1. Restricting attention to the stretch A:226-256, and to residues there that are closer than 29 Å to A:SER110 by Cα and among the β-branched types (Val, Ile, Thr), which single residue is surrounded by the most Cβ atoms within 10 Å (Cβ to Cβ)?
2. Mind checking whether some residue in the stretch A:131-147 is away from every other protein chain (no Cβ under 14 Å) and of a type in the set (Phe, Trp, Tyr)?
3. What's the total number of residues in the stretch A:244-264 that are within 14 Å of chain B (Cβ to nearest Cβ) and small (Gly, Ala, Ser)?
4. Filter the stretch A:1-44 for residues that are among the β-branched types (Val, Ile, Thr) and within 12 Å of another protein chain (Cβ to nearest Cβ) and give the result.
5. Only residues that are without any contact (Cβ under 8 Å) to a residue 12 or more places away in the chain and over 15 Å from B:LEU312 (Cα atoms): list them for the stretch B:225-244, please.
6. Among the residues of the stretch B:152-170, count how many are at pLDDT 90 or above, away from ligand 2 (no atom under 16 Å from the Cβ) and under 21 Å from the mean Cα position of the chain (by Cα).
7. What tally of residues in the stretch B:151-190 results from selecting those that are away from chain A (no Cβ under 14 Å) and either within 23 Å of B:VAL137 (Cβ to Cβ) or within 16 Å of ligand 1 (Cβ to nearest atom) (or both)?
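The values are calculated or read from the model by the stated rules, or taken from the named source; none is laboratory data. Note that the coordinates shown come from a computational prediction; the quantities given were computed from them, not determined experimentally. Note that each Cβ is placed from the backbone with ideal geometry, even for glycine, and that neighbours are counted across all protein chains shown.
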Amino acid sequence: MTTLVMGLKGAYYIFWREIKRFMGQKMRILMSLVQPVIWLVLMGSMMARLTDNPVTAEMIGIDNYLAFMVPGVMMMSSLYTGVFGGISIIWDRRMGFLIKLLSAPIPRYSIALGKIAALVLQTIFQASVIVLLAFMMGITFVTGLPGIMLTLVICGLFAAIMSCISLFLSASIRTPETLFSVINFLTLPLVFSSSALFPTAAMPDWIQVIARFNPISYAVAPVRSLVISGWDWSTLFTGMWLLLLMFLVFFSLVYYRFEKGSLL
Amino acid sequence: MHNNGEMINVNNISVVYPGGIKALDGVSFKVPEQEIFGLLGPNGAGKTTLIMVLTTLLAPTGGKAQVNGLDVVKDKNRVRLNLGYVSQELAIDDELSGMDNLKLQAGLYHMEKAIRKPRIEEVLDLVGLSERAHDRVDTYSGGMRKRLDIACGLIHRPGILFLDEPTLGLDIQTRHEIWHYINRLREEVKMTILLTTHYMDEADSLCRRIAIIDQGSLKAIDTPDNLKKQLGGGLIIFQFDQAAASSTINQALGSLNEKEFVKEITLKNGEYRLLTDNSEEKLPLFFDALDGLKLNLKKVTLKMPSLDDVFLYYTGRQLRDESVSREQIDRVRSSMRRLRKTR
Ligand SMILES: Nc1ncnc2c1ncn2[C@@H]1O[C@H](COP(=O)(O)OP(=O)(O)OP(=O)(O)O)[C@@H](O)[C@H]1O
Ligand SMILES: [Mg+2]
């Protein structure tokens with residue numbers, strides 16, 4: 001058996017375990033469904049009032065804020081699923097389970113790979129729920145089913161990047177509290193300086209600059225075009241390409257960290 | 001595999017933890033194939049650290065170690081294919097069922113699909129968890145969890161199995177069943193087993209050889225019988241009356257120490273332990289030595305050396321507190337009275 005085959009098999013079983021755990025956590029599944037509802041219904045209807053005002057409506061560039069919000073909420077839920085995903089390493093370490101994984105005949109990167117895969121699947125599940133929910137609220141993708149499929153891929157890719165960051169941090173962080181505070185420190189500014197929830201046109205100039213280079217913006221823009229305007233190939237291409245590149249960079253970091261450093 | 005019949009070959013291994021604690025200090029030993037080898041030592045002796053080195057979890061700061069002829073640092077992946085490890089702390093996922101924990105283990109160790117199911121059933125039956133197999137582990141008792149953990153370590157029948165205090169917290173019946181199975185595995189599957197334990201009876205009945213480790217270095221290594229023999233025949237354990245003056249006590253100890261039958265006298269918990277080669281035969285000599293001194297003995301106990309004594313001798317510590325029963329004291333008292341009358 002080659003090391004690669006061992007790695008992939010190992011990753012599969014780690015993935016399998018994570019999914020089994022997820023299925024057993026009724027509350028977690030429920031919350032992952034409720035969260036987007038709250039975002040969409042509460043925030044969406046509140047902000048929808050904005051578009052009643054012709055000035056703000058023009059700034060947003062669309063008369064339906066809810067349609068604007070859906071891609072943002074999808075990306076938010078992908079972000080949080082991914083970025084808190086690394087905590088499972090911390091729990092495994094505390095439970096003593098990590099020892100079992102580390103002494104098993106699988107390369108260490110497969111632990112990360114399996115966890116990332118499971119987080120991607122959860123993200124796709126959540127994103128599908130949001131699509132369904134949006135549909136019930138009268139928002140349809142102008143690009144139809146192919147557009148929805150591509151959206152799910154983008155969400156998954158984005159979650160994969162975020163889980164790489166989270167796993168990289170959790171490899172060295174030993175308590176959930178520390179991880180939470182580091183992650184909040186990183187993500188809150190990132191979210192609010194992106195075009196996920198507010199149109200960039202409505203932001204002060206200096207934040208607009210940040211928003212331009214914000215990875216969340218790059219993930220949101222293609223999805224937004226898929227929902228609202230149609231097949232905007234240049235946005236799609238730039239967004240996908242950058243996300244893929246980011247994933248490769250962050251996964252290499254995780255790979256290196258898991259293979260070379262101590263995880264205990 | 002070129003292991004020269006040695007499953008484990010530890011050569012001058014040292015481990016210094018980042019904080020500066022020297023957990024292992026030049027440990028060397030070999031374990032031949034199919035041996036059950038016991039590692040005994042007080043808390044903090046370095047047993048778990050040694051197992052971590054052998055299971056590739058911790059790189060030693062000095063020395064070399066091989067498992068089944070493979071270097072534990074250079075050949076990590078292949079070493080891991082050869083081993084099973086039941087760690088001191090529980091290592092099972094309590095959000096999964098017992099069955100799923102075993103399936104995961106079978107998968108992680110690349111077991112062939114066809115043998116997974118029968119093997120899972122076999123180990124479940126062994127540890128008596130067949131009926132609860134589909135329940136989540138967080139509904140198990142502590143002992144059930146440990147049993148499941150052991151089942152996970154056994155399922156892939158590794159060439160070498162590391163058991164770090166495998167029977168801690170289990171009831172006597174389960175402990176005996178586990179011993180029985182460990183023995184059977186060694187015979188049928190030709191498995192080598194390295195275990196640590198704090199139960200001397202476990203080490204005595206299970207292990208072919210024992211190593212005693214204290215403060216990071218090896219103090220003794222041999223079969224349990226040889227270790228006991230080396231210690232010499234037996235112990236006379238005695239206590240003086242509280243009223244005894246210390247000068248008289250010193251005088252008594254001095255005169256005992258001069259006698260040829262006395263190998264060594266140590267003080268532990270207010271009891272003097274006199275090492276001799278046959279405690280029953282030498283008891284009269286013991287009383288002769290004390291004759292004429294104005295000293296009352298509070299109690300005298302005779303003991304053939306047990307593995308506990310071996311442990312105590314090498315580490316200066318006792319694994320468990322032994323409480324001497326009322327009966328034992330009475331028995332010794334009456335035998336003392338008998339002895340006095342006959343003289
Ligand atoms: N991660 C660690 N960092 C620093 N020191 C450690 C670490 N793990 C163990 N030690 C120290 O190394 C020494 C040996 O510990 P080890 O766990 O190997 O002992 P042990 O023989 O298994 O003891 P026990 O019977 O209590 O399980 C102890 O002094 C312990 O404090
Ligand atoms: Mg230990």
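1. Taking the stretch A:226-256 as the starting set, the residues that turn out to be closer than 29 Å to A:SER110 by Cα are A:239-256.
Those still in the list that are among the β-branched types (Val, Ile, Thr) too: A:249, A:254.
Numbers: A:VAL249: 11, A:VAL254: 25.
So, considering only residues that are closer than 29 Å to A:SER110 by Cα and among the β-branched types (Val, Ile, Thr), the one surrounded by the most Cβ atoms within 10 Å (Cβ to Cβ) is A:VAL254.
2. Taking the stretch A:131-147 first, the residues away from every other protein chain (no Cβ under 14 Å) are A:131-147.
Right, trim to of a type in the set (Phe, Trp, Tyr) and you get A:135, A:141.
Yes: one or more hits.
3. We begin by selecting, within the stretch A:244-264, every residue within 14 Å of chain B (Cβ to nearest Cβ); these are A:258-264.
If we keep only those that are small (Gly, Ala, Ser) as well, we get A:261-262.
Residues in the stretch A:244-264 being within 14 Å of chain B (Cβ to nearest Cβ) and small (Gly, Ala, Ser): 2 in total.
4. Step one: list which residues in the stretch A:1-44 are among the β-branched types (Val, Ile, Thr), which gives A:2-3, A:5, A:14, A:19, A:29, A:34, A:37-38, A:41.
Within the stretch A:1-44, A:THR2, A:THR3, A:VAL5, A:ILE14, A:ILE19 meet the criteria.
5. Matches in the stretch B:225-244: B:ASP225, B:ASN226.
6. 2
7. Filtering the stretch B:151-190 for residues away from chain A (no Cβ under 14 Å) gives B:166-167, B:169-190.
Adding the requirement that they be either within 23 Å of B:VAL137 (Cβ to Cβ) or within 16 Å of ligand 1 (Cβ to nearest atom) (or both) leaves B:166-167, B:169-171, B:173-175, B:177-178, B:181-182.
Count: 12.
To keep it simple, each residue is scored yes or no on (1) crowded, with 24+ Cβ neighbours inside 10 Å; (2) in contact with a Leu (Cβ under 7 Å, 6 or more places away or on another chain); (3) within 14 Å of chain B (Cβ to nearest Cβ).
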position: A:MET75; (1), (2), (3): yes, no, no
position: A:SER78; (1), (2), (3): yes, no, no
position: A:PHE84; (1), (2), (3): no, no, no
position: A:ARG94; (1), (2), (3): no, no, yes
position: A:LEU101; (1), (2), (3): no, no, yes
position: A:PRO105; (1), (2), (3): no, yes, yes
position: A:TYR109; (1), (2), (3): no, no, yes
position: A:ALA112; (1), (2), (3): yes, yes, no
position: A:LEU119; (1), (2), (3): yes, no, no
